[in-house]
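Every number in this text was worked out from the coordinates using simple rules, so none of it is lab data. Computed from a predicted model, the values in this text were never measured in an experiment. Ideal geometry is used to build each Cβ from the backbone, glycine not excepted, and the neighbour counts take in all protein chains shown.
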Amino acid sequence: GKHTVNLDNKVADMTVKPFTLEMGIGFELHVTISGEKINISEIPELLIPEDWMRDKLELNFYKSEQGGGGEVENVNYDKRSRTAVITFLRPG
């Protein structure tokens, strides 16, 4: 629909139009696994804030059905080197 917005004593007429958001980004990671840590390299450069990338990595490895994840203690992500180390609370 159409809307009129008043900003700083200036009136602007606006029209709302629908748009589609891309819901996912697929990418490949290279992973080295030990008892309590996972080293990840070649993380793709995405135009998202670093804390979002840390959250995405934590959620991905928290899911136990994804090949043995578990509760994450820490995510150390280095955007410059495109690497991360995921540390779990319990070895497994």
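Where does each of 5-13, 45-53, 73-81 land if you order them by average Cβ count within 10 Å, highest first?
Listed from highest to lowest mean packing, they are 73-81, 45-53, 5-13.
Gain in length, residue 28 to residue 3, computed as 0.36 nm per residue apart minus the alpha-carbon separation, to one decimal in nm?
4.7 nm
Hey, which aspartates and glutamates would be in cross-link range of residue 56, C-alpha to C-alpha under 17 Å, not counting anything within fewer than 8 residues on its own chain?
22, 28, 42, 45, 65, 71, 73, 78
Taking residue 2 as the anchor, which lysines have their alpha carbon closer than 19 Å to its alpha carbon, excluding any fewer than eight residues away along the same chain?
Of all the lysines, those that pass the test against residue 2 - Cα under 19 Å, at least 8 places apart if same chain - are 10, 17.
Let me check I've understood the local charge: for residue 52, count other residues with C-beta under 14 angstrom from its C-beta, Lys and Arg +1, Asp and Glu -1. What total comes out?
Every neighbour counted, the sum reads -2.
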